[in-house]
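Taken together, the values in this text are just the output of simple stated rules run on the coordinates, not laboratory data. Treat the numbers as computed from the prediction; the structure is a model and nothing was measured. Please note: Cβ atoms are built from the backbone with ideal geometry, for glycine as well, and neighbour counts cover all protein chains shown.
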Amino acid sequence: MKILVIGGGGREHALAWKIRQSRSVEELFCSPGNAGIAEIADCPPLASSDPEAVAAFVARQGIDLTVIGPELPLVQGIADKIQAIGRAVFGPIAGAAQLEGSKVFSKQFMTRHGIPTGKYEVFEDADAALAYVQDHGAPLVVKADGLAAGKGVFMCETTDQARDAIQKLMVHKAFGGAGKRIVVEELLVGREASFFAITDGSRVIPLVTCQDYKRAHDYSKGPNTGGMGSYSPALHIDRELTATVLEDIVGPTIRGIATEGYPYRGVLYVGLMLTEDGPKVLEYNCRFGDPETQVILPRLKSDLVPLLSAAAHGDLSSVRVEWRREAAVCVTLASHGYPGHYQKGKKIADLELYANRSDIVLFHAGTRTGPGGDVRTAGGRVLGVTALGKSIADARSRAYDAVANLSFQGMQFRHDIAEGVDETVGKTVEE
Ligand code: AMP
Ligand code: GLY
């Protein structure tokens, strides 16, 4: 098979790394890729924001399966374009990707299909939103409707903060069209959990459990980031909770979006709040998580390609998935200042130490190959250091041992990834 992966972060390196191990792969492309991906795939410079250009490449090269990493091209309809030329694509069509692309759509969808989520109101007018806040009082969560790179959600403890958020989104248009409509939502209290499932539009295969860390600094201080680390399995998502989420949330979502005319072929990522009244949906994402993929895929024993391909072709019925018993921990190495301003172009030392280790994988995110063939930083999140071990604690210590041997100027990372998660593997939900 000829396979194309779209994207160039740690998630896409993990996808390309696992796809490369499949016997069915003859040629692997990844666009735009990064320095790590370039070692295992051809990286043509396609504009992922131009679905027509990607579809033209798929047609020209005879690509059998295209795997879309990030949400933006999905929301823009890249899967529709590739399906239209009769080629398989892993990732939902634009109609289904609205679950991530529009918070208004996703909240109203959940109401239509009886899926548990926080109470909310939708506003298209700043004055009406401000009046609602005045009446209702805080705490509240204010959300931009459209994609805003994870920055369009405001947790407001006071009515002043809620007013500021509304002004920022609707009056000052800080996120342009993404804030034309907003959702004002009740603040849910509980522990957060993520849930991933692969679907062909009707059947569902849940992935192993995992947990990411979003804040920049140790003990969840500092600003939100795309993800500073992750671990798998996450045993707070036990069998009973998994069954509830599949029955009350994932099943109705997949059936609901199909009945609305948009069969979902790809991975559905549900962000949950585990409240006293049971799990409630905070958000849907229409793609794999980053850095969750960097702990999920190293634990996958079976071949990834038949799984992605069967979902893309709309028939998961004959796919069986096997997982390794080992736990995985991923520590993100970031550039100093991330998620704010940071410098690029720093040389990364000693990557070759981990070239042939079965228990450690270095997933590149923001990296590029420098003029002399050395590897340089090229983004905020630079590397994901994933380790496998017989328990979370074992994987954690292996990951941090590797981190201690790697360096670049201004390297920043969290020291508390998977700390205190002392569950050993052996009674994980997937076994
Ligand atoms: P979202 O993009 O909607 O998932 O929001 C990003 C983050 O904001 C979530 O991961 C939660 O930490 C938080 N969040 C969003 N909505 C709520 C809510 N209704 N109650 C509490 N926290 C929320
Ligand atoms: N780790 C969070 C995300 O992928 O959105």
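Grab the beta carbon distance between ASP127 and THR275, set R0 = 45 Å, and tell me the FRET efficiency rounded to 0.05. Walk me through the numbers on the way to the answer.
Working: r = 31 Å, r/R0 = 0.70.
Computed FRET efficiency for ASP127 and THR275 comes out at 0.90.
Suppose every Lys and Arg Cβ carries +1 and every Asp and Glu Cβ carries -1, with no other charges. What dipole size does the chain come out with about its Cα centre, to the nearest 20 debye? Walk me through the numbers on the way to the answer.
Working: 46 positive and 52 negative charges, 180 e Å.
Result for the chain is approximately 860 debye, rounded to the nearest 20.
Restricting the count to DSSP beta bridges whose residues both fall in the chain, what percent are antiparallel, rounded to a multiple of 5? The partial results should precede the final answer.
Working: 63 of 78 bridges.
Given both bridge residues lie in the chain, the antiparallel proportion sits at roughly 80 percent.
What is the spin-label model distance, in nm, from HIS336 to ARG60 if the labels are put 7 Å beyond Cα along the C-beta direction?
4.2
Among ARG23, ARG255, ARG376, which one moves the most in a GNM of the chain with springs linking Cα atoms closer than 10 Å?
Comparing ARG23, ARG255, ARG376 in a Gaussian network model of the chain, the most mobile one is ARG23.
How would you rank ILE82, ILE360, going from fewest to most other Cβ atoms within 10 Å of each one's own Cβ? Working shown, then result.
On the way: ILE82 28, ILE360 21.
Sorted ascending by nearby Cβ count, the order is ILE360, ILE82.
Starting with the fewest neighbours, write out SER202, SER358, SER309 ranked by other beta-carbon atoms found within 10 Å of each beta-carbon. It would help to have the intermediate numbers written out before the result.
Values: SER202 16, SER358 7, SER309 22.
Fewest-to-most ranking of SER202, SER358, SER309: SER358, SER202, SER309.
For the range 321-364 and the range 13-63, compute the distance between their C-alpha centroids and round to whole Å.
21
What spacing in nm lies between the two simple spin-label points modelled at LYS2 and HIS415, each 7 Å away from Cα in the Cβ direction?
A separation of 5.1 nm, rounded to one decimal place.
How much length is gained if the chain between GLN343 and HIS313 is pulled fully straight, taking 0.36 nm per residue apart and subtracting their Cα-Cα distance, in nm to one decimal? Mind dumping the intermediate values first?
On the way: separation 30, 0.36 × 30 = 10.80 nm, distance 4.25 nm.
Gain on extension, GLN343 to HIS313, equals 6.5 nm.
How big is the shadow of the Cα convex hull of the range 283-356, averaged over all directions, in nm²?
Numbers: hull surface 33.6 nm².
Mean projected area for the range 283-356: 8.4 nm², to one decimal.
How far apart, in nm, are two points set 7 Å out from the Cα along the Cα-to-Cβ line at ARG255 and at GLU186?
2.5
Taking the Cα atoms of the chain, what is the range of coordinates along each of the three principal axes, in descending order and whole Å?
Each principal axis gives a Cα extent; for the chain these are 61, 47, 46 Å.
For a quick check, take a GNM of the chain with Cα springs below 10 Å and name the residue from ALA328, ALA88, ALA178 with the largest mean-square fluctuation.
Largest GNM mean-square fluctuation: ALA178.
Go ahead and run the numbers for FRET between ASP350 and ALA149, Cβ-Cβ distance against an R0 of 30 Å, rounding to 0.05. Walk me through the intermediate numbers first.
Values: r = 31 Å, r/R0 = 1.05.
My answer for the efficiency is 0.45.
So what are the radius of gyration and Dmax for the Cα set of the range 312-430, in Å?
Looking at the range 312-430, its Cα Rg and Dmax stand at 16.9, 49 Å.
Which residues in the range 289-304 place their backbone N less than 17 Å from a point set 7 Å from the Cα of ARG320 along the Cα-to-Cβ direction?
300-304, by backbone N distance to the label point.
Once you have the Kirkwood Rh of the range 200-322 from its Cα pairs, apply Stokes-Einstein at 37 °C and 0.692 mPa s and quote D in µm²/s. Before the final figure, lay out each step's value.
Numbers: Rh = 15.8 Å.
Here the translational diffusion coefficient equals 208 µm²/s.
When the chain is modelled as a GNM with alpha-carbon springs shorter than 10 Å, which of GLU276, GLU27, GLU185 fluctuates the most?
GLU276
Rounded to the nearest 500 deg cm²/dmol, what is the calculated helix-only ellipticity per residue at 222 nm for the chain, with -39500 (n - 2.57) per DSSP H run of length n ≥ 4?
Estimated from H runs of four or more residues: -7500 deg cm²/dmol.
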